[in-house]
Ligand SMILES: *Cc1c(COP(=O)(O)O)cnc(C)c1O
């Protein structure tokens, strides 16, 4: 082992970093591997105050996001992407080498990675056969953990399976675990199905936390801007842990424009187009021979099981289409996640599959 590796914390020595779509990379011109939006808007930047530190939490973004989410500004925290919110939650609520988080695989990979880097253990309750959350098992595991499980991460629409949460069962779980654990609902894709958001439960449940992002439906993955929604008591606690200047001023300027009335209209128009493209793609896939299963989803992606995903993945790569391979993940054998792109990108995808 190198000297530097020996110096590092044991957990970091052993850690396999999150393989983001960007780190995996790929060659081609159709990027359907990171659930990014296919189009980009134009924004104005004012550089006259770049020599000043930004506000801790720029009020114009908090107010705009609070209005959009129908909450108060003191129930909103803005972070460097939703990923930073996940990490701050763990650093705020989990004691290293003592507490745990609970995740429901197969799900988004960053919950486990953030816990690992913080020295926090990971408990798993598998999603059910249809990939819905097993609420009874989650409740039982939290209640029998002796107060060790401090955070449950649920994801809806779940990345990559697309499943949503059941509001009544979530409310029951929140009530059963109050004072013991936070229940986090990761709503990174909720703009694609806004009627299924759980924000209305925040007022009655102090242990509910919702994470959001501008990276997906708002088409702003590059600016790294996310949000945490919860009762003020949770936001205040996280504010003790977050960096002193977490939101760069140019990010705040762009976010404010994206959250303006015009910005919201552009986002909602994009959602209509992408949801329609998803229906068209899903329909077309049902007629393709190498497709075994299409998992129902409400996000800007489709998880598809093929007869031989390695062959399909290679055919995409040969045609310059970059997809996200899930075939080596437990329970996702032969599965590929396809980001919903513009109609050209969807046609290219179908052309490749039809040529097999
Ligand atoms: C993309 C994604 C995130 C990360 O969002 P950022 O704001 O870009 O950090 C969080 N959760 C899920 C489920 C995601 O798919």
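The values are calculated or read from the model by the stated rules, or taken from the named source; none is laboratory data. Keep in mind it's a predicted model, so treat the numbers as computed, not measured. All Cβ positions, even for glycine, are placed from backbone atoms using ideal geometry, and neighbour counts span all protein chains on display.
Odds and ends about this structure:
- Here 148, 167, 139 are screened, and the one residue that is more than 16 Å from the ligand (Cβ to nearest atom), modelled with pLDDT of 95 or more and within 25 Å of residue 74 (Cβ to Cβ) is 167.
- Residues in the stretch 173-201 that are away from the ligand (no atom under 16 Å from the Cβ) and part of a loop (DSSP other than H, G, I, E, B): 178, 179, 180, 181.
- Selection from the stretch 144-155 of residues that are out of contact with any helix residue (DSSP H, G or I) (no Cβ under 7 Å at 6 or more places or on another chain) and either in a helix (DSSP H, G or I) or closer than 21 Å to residue 82 by Cβ (or both): 154, 155
- For the stretch 334-356, the tally of residues that are out of contact with any helix residue (DSSP H, G or I) (no Cβ under 8 Å at 6 or more places or on another chain) and closer than 16 Å to residue 160 by Cα stands at 2.
- Selection count where residues are in contact with a strand residue (DSSP E or B) (Cβ under 9 Å, 6 or more places away or on another chain) and either outside any loop (DSSP other than H, G, I, E, B) or not assigned by TED's automatic domain parsing to the domain that holds residue 110 (or both), scope the stretch 158-170: 1
- Test result for residue 209, within 16 Å of the ligand (Cβ to nearest atom), touching a residue at least 40 places away in the same chain (Cβ under 8 Å), more than 28 Å from residue 325 (Cα to Cα) and in a strand (DSSP E or B): yes
- Selected residue (only one of 64, 82, 73 is in the same structural domain as residue 121 (by TED's automatic domain parsing) and surrounded by fewer than 20 Cβ atoms within 10 Å (Cβ to Cβ)): 73
- Qualifying residue in the stretch 229-252 (condition: part of a strand (DSSP E or B) and in contact with a strand residue (DSSP E or B) (Cβ under 9 Å, 6 or more places away or on another chain)): yes
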